[in-house]
Each structure stands twice: as structure tokens, then as C-alpha cells.
1. Could you check region C:89-126 and list, in sequence order, the residues that are more than 11 Å from chain D (Cβ to nearest Cβ), part of a strand (DSSP E or B) and in contact with a helix residue (DSSP H, G or I) (Cβ under 9 Å, 6 or more places away or on another chain)?
2. So which of A:Ala74, A:Ala84 is hydrophobic (A, V, I, L, M, F, W, C) and over 21 Å from C:Arg75 (Cα atoms)?
3. Any residue at all in region A:29-46 that is at pLDDT 95 or above and closer than 30 Å to C:His59 by Cβ?
4. Please go through region D:23-41 and give me each residue that is closer than 9 Å to D:Val125 by Cβ and of a type in the set (Lys, Arg), ordered by number.
5. Hey, can you tell me all the residues within region B:33-50 that are under 16 Å from B:Leu73 (Cβ atoms) and loosely packed, with under 14 Cβ neighbours inside 10 Å?
6. Select from region B:1-28 the residues that are among the hydrophobic types (A, V, I, L, M, F, W, C) and at pLDDT 80 or above and list them in ascending order.
7. When only residues in region A:73-88 that are of a type outside the set (A, V, I, L, M), in a strand (DSSP E or B) and touching an Asp or Glu at 6+ places or on another chain (Cβ under 7 Å) count, which is surrounded by the most Cβ atoms within 10 Å (Cβ to Cβ)?
8. Anything in region C:73-88 that is of a type outside the set (A, V, I, L, M) and either more than 15 Å from the chain's Cα centre (by Cα) or within 11 Å of chain D (Cβ to nearest Cβ) (or both)? List them, or say none.
4 protein chains.
Amino acid sequence: MPKINRYVDIDTVERETRKDYIDRHSPFIHCEANAKAGEKFAVTVMVGNEYAHPDDFDHFISNVALYNGEILLARADFVPGTLANTKTKVEVTFNIVPTKKMKLVAQSYCTKHGVWESDPVKVEVN
Amino acid sequence: MPKINRYVDIDTVERETRKDYIDRHSPFIHCEANAKAGEKFAVTVMVGNEYAHPDDFDHFISNVALYNGEILLARADFVPGTLANTKTKVEVTFNIVPTKKMKLVAQSYCTKHGVWESDPVKVEVN
Amino acid sequence: MPKINRYVDIDTVERETRKDYIDRHSPFIHCEANAKAGEKFAVTVMVGNEYAHPDDFDHFISNVALYNGEILLARADFVPGTLANTKTKVEVTFNIVPTKKMKLVAQSYCTKHGVWESDPVKVEVN
Amino acid sequence: MPKINRYVDIDTVERETRKDYIDRHSPFIHCEANAKAGEKFAVTVMVGNEYAHPDDFDHFISNVALYNGEILLARADFVPGTLANTKTKVEVTFNIVPTKKMKLVAQSYCTKHGVWESDPVKVEVN
């Protein structure tokens, strides 16, 4: 509390009926499964997989945060209207330099529906 | 995951032995129990009750966020060194205007030990 | 560019005719003129002196930043609606620990009218 | 004040002698010169052109902000150490949806040397 909403915690039935709601709030991490230690590694966070969230002034995704385990790596803040309320998903690409294996997790924040968390993504670092 | 650490979730034994660790990371909300609808209402968040967190460059409280239920009201970001690494607690006072009863929760973020959450504080609004 | 708007840069005539516009966007620093080295020092930033800025979803003050000379001390981010669109001014109190004399400057950001900067405030530290 | 440092304001002589200092603090915008109205448009901000800024705990780039004229589009905050203090430049890619021509400007913030601003970049939107 504030509740952390997770796509995976939602039961199958509910997931079907509320699929668009859940999908468009959930952040998804897109990155390679392997990284080279000490080299730049791009991590894209996109909010929504099949559906895009509204970008209304009173209802928008105001930030996206990227964690490695418990540790915050970076966070992006958005102002309403920058996606012109089109069907475009919130998307930001952070660049980090890993030194050992990571367990990435993203959180997105909707001004009406709170905090949503991605599945964790493991990255091997060699 | 990222784990939300809570003072209340820590068992009594552990709480005794690691009291300073837990105390200095936990945010505490200080505000009146009652507010007037439509009027300015001050909410102070202080990190630590008996103990102050370090303000080292590699170990500091980098932000404090205030929620009403699921909804973010405000967030403050800090740069290391602004407390001169003294025994001063991180403290910020947000001013909000409530319109109905609130359930306030604060989160603080330590650059080494992750997210910590306060007990919820109910505020009646008349 | 982005232009930094300053109350003091606006000529007298314009200041009269557009007084409410200028006033309600300008951040004002409220603090003591003297601080004790190594001790907690409260700095309140209020946006607007005689007038309050709207808190509409499409037109609000989304952040306030506090600098000492070139150095950022803290920044607060706000979500629209937390002032319930009343005549309440945006206000946040940061607590810092000075070690030597400071030249504080605040900036506020309006989602329609950009960055506004306060007069600098000198604080002696003994 | 806080001074906005600009690569272009620095005279030729100083620019030669302090080239690495100036270069590694300056944000550079990388994007297409033309965008389609209503479609996703990627804008990458990289801090430093030939030189990378340190990522020390007491000296790092803590945020990058992207403006269109006076209007903030997005801002990314970083925690020290996420670039492992390698020779990797701070880099973030924001995705926005333009509706008419833009004049993009980026600002980066160094915890020791303050605010730095890019040259403006004009983007035609058809």
C-alpha cells in the first residue's frame, strides 16, 4: 500500500475480461539477455504490450523507473500531452553499464491507477 | 520486487538487533489527524525516528514520495551532501489540499538499501 | 532558451498590466537570513506572492527546484490536482544543512509557461 | 543564476584549453531532422561528444531534461554508479509524438558544475 499491481498476480478470468486495462498499465522491459561487463547496455521500458495507455491531462503515465533488484538505476518523468494522446506507448531507453548479472524490474506510474510493475528480467553479464 | 521494506513487517527480535538500521531507513509521516476540506494541509515526511541516515555520496536517501492510497501526491529528490553528512534527518514538508479523507503513505529510497515504506496515516477531512 | 523568466527582468509598465500573471508564476524563497553551520535549516519555496497559480490538469506547476549558486540542493515534483484547484499556492519546505554562506535560488516550472526563477537570497552561515 | 552553461558561449581560446571540460558536460541532441505528425519520434540525448563525464559518487550527471521551446517534454534522473564509472556517456532516448514543428533543447545537470544546455535543434513536422 500503495499497492504494486502486477500482471502476473491477476487471475486468468479477470485477465481476460480486463485485459486491455491490465495490459496498457504494465511496463515491459525490452533488452538483450546477455551483456558485456563494463560496456554500454540499452534497456527499453515500454508501457503496454498490445494496448497504449491514454495520454490525457488527467490520466497519463507520469513516470517510469528501472531497478536492478532493490537498486534504482534511472527514472524518467513525463508531462501529459507529450504523446499527443495518440495510440503511442510510453517508451524510454536507458543506457547503463553492468558489471555483474542483473535482475531488472520496471515500474510505471499512472496518475489514476497507481504503480504497476513488470516481470523481472534476468541479464547475464560476461 | 523491488522489495518494499516495512518497519512493521520486521519481527520483534530482529527489530531489536537491527533497530538503528531499520529506524534510520523508515519514513515517518507527521501531520494533523484532521484536515479542513479545501484548505492547505501540511504533511511532513521525516526519514528516521531516533536515528539519522548517512548522507554519504555513495549512500544517501535520494528521494521521498508521498501517496494518498494508490495516488502519488508529490515527490522530493535530493542530491548527496545537502545534509553535510551530519546527524540531521532527511525532512521535507509538502502542502496539499484535501477534499475527502485520506490514507497517506510515504516511501523513502536509500541508494544502497532500496525502498522503505511508512505506516499508513489516516486523515479525516471535514 | 528555454527562457528563464524573472520577475525582476520585467519592466515596470508590463509588470503593472500583467502583474497577476507574473506574480503567480514566480517562486519566492522564505527562510531566515542567518543559519548555523552544521545545523538543520528550513527553506520554504512558495510559488506566487499575492496570487495563486491554477492547479488545472492541463496547466499546473509541476516542479520546484532549489539551488545554492550552481548546485541543485533538492527538487519537488507535483502531480496535477493535489491542490484541488483552490486558491492555494504551491509550497514546499526543504531542510538542508549549510556549512558556509549560501546564495539560494529557486526555479518553478509551469506546464504552459515554462521556467521561472526567484530572486537570489543570501544566507550568512556562522 | 543558476548559470546556464552553453558550449556556444565559450570563446574560442577558452574552448581549446578547456575543451574536454566543456565537451563532457554538454548535452547533444541526436534525432532526425523531420518527423511525421502524430507518429512516434525518438530523441536521444547524449552528454559529451568526444569525452565522457565521470560517474563518481561525488561527481556525476544526475539528470537530463528535454524541452520543446519553453515546454518540458521529459526528464530522466540518474543515480551515481549506473555507468560503473567507465568511459561511457550518459545517454537516454525519449520517445515523443510531435504535432507541429519543434525547437528541441536539452539540459544536463552535473552535481559539481551545474546546468549545461545544448544547441537548439529544429525539427520539421509534416
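1. Selection gives C:Ser108 alone.
2. When all the criteria are applied, what remains is A:Ala84.
3. Scanning region A:29-46 turns up at least one residue that is at pLDDT 95 or above and closer than 30 Å to C:His59 by Cβ.
4. D:Lys36
5. Once the filter is applied, which keeps residues that are under 16 Å from B:Leu73 (Cβ atoms) and loosely packed, with under 14 Cβ neighbours inside 10 Å, region B:33-50 yields only B:Glu39.
6. Across region B:1-28, the qualifying residues are B:Ile22, B:Phe28.
7. Our first condition is that a residue be of a type outside the set (A, V, I, L, M); within region A:73-88, this holds for A:75, A:77-78, A:80-82, A:85-88.
Of the ones still in play, those that are also in a strand (DSSP E or B) are A:75, A:77-78.
Checking which are touching an Asp or Glu at 6+ places or on another chain (Cβ under 7 Å) leaves us with A:75, A:77.
Numbers: A:Arg75: 25, A:Asp77: 22.
Residue satisfying both the conditions and the ranking: A:Arg75.
8. Answer for region C:73-88, where residues must be of a type outside the set (A, V, I, L, M) and either more than 15 Å from the chain's Cα centre (by Cα) or within 11 Å of chain D (Cβ to nearest Cβ) (or both): C:Arg75, C:Asp77, C:Pro80, C:Gly81, C:Thr82, C:Asn85, C:Thr86, C:Lys87.
The values are calculated or read from the model by the stated rules, or taken from the named source; none is laboratory data. Given the structure is predicted, the values throughout are model-derived calculations rather than measurements. Please note: Cβ atoms are built from the backbone with ideal geometry, for glycine as well, and neighbour counts cover all protein chains shown.
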